[in-house]
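See structure below.
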Amino acid sequence: MRMILFIIIHCSAVRPSQRSTAKDIDRWHRERGWDMIGYHYVVRRDGSIERGRPLEMAGAHCRNHNSHSVGICYEGGLDADGRPADTRMEAQKESLRKLLLRLKGEYPTARIMGHHDFDRMKECPCFDAEHEYEDIQ
């Protein structure tokens, strides 16, 4: 099994009127020339969690950190005008927290971070993940 140092949270950068299932993201990533979806999990607006890339495989979601991280993407991240915003629904927040607790059980030393923490040029995931989940770090 891979050594996991980080659990990195992303947003799919879609407006409330747009959807981004794991299948959609997989298609988008393949259109960019990738082998498959870069994230390990996608948390939909209704709180359902879809599997992406197998955990045994390094992700393709955070440059220089893919080999030692798990990537989680929540559906959303843009407001109706296309501006970066924390658009998580309550069901997403609950599911994301449960998923993080489960992953922390599997990888207790992993730090929960947002994509922005690794690339300051990005707004993603449009909230301070490290601060929000400091109680389960």
- Assigned charges on the beta-carbon of Lys, Arg, Asp, Glu; the chain dipole about Cα centre (debye): 400
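So which trypsin sites (Lys or Arg not before Pro) in region 25-113 are both in a DSSP loop and have at most 12 other Cβ atoms within 10 Å of their Cβ? The partial results should precede the final answer.
Values: sites: Arg27, Arg30, Arg32, Arg44, Arg45, Arg51, Arg63, Arg88, Lys93, Arg97, Lys98, Arg102, Lys104, Arg111; in loops: Arg32, Arg44, Arg45, Arg63, Arg88.
When the trypsin sites (Lys or Arg not before Pro) of region 25-113 are filtered for loop state and at most 12 Cβ neighbours within 10 Å, Arg32, Arg63 remain.
Decide, for region 10-107, between rounded, prolate and oblate: order the square roots of the alpha carbon gyration tensor eigenvalues as a ≥ b ≥ c, take rounded if a/c falls under 1.5, and otherwise choose prolate if a/b is larger than b/c, else oblate. Numbers along the way, then the final one.
Working: a/c = 1.84, a/b = 1.16, b/c = 1.59.
Oblate is the answer for region 10-107, as a/c is 1.5 or above yet b/c matches or exceeds a/b.
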- When Lys and Arg each count +1 and Asp and Glu each count -1, what net charge do the other residues less than 14 Å away from Ser67, Cβ to Cβ, add up to? +2
- Message: Quick check on region 66-137: take the gyration tensor over C-alpha atoms, sort the square-rooted eigenvalues as a ≥ b ≥ c, and tell me if it's rounded (a/c under 1.5), prolate or oblate.
- Response: oblate
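Only the coordinates and a few stated rules stand behind these numbers; no lab work does. Just so we're clear, the structure is a prediction, and the values are computed from it rather than from any experiment. Note that each Cβ is placed from the backbone with ideal geometry, even for glycine, and that neighbours are counted across all protein chains shown.
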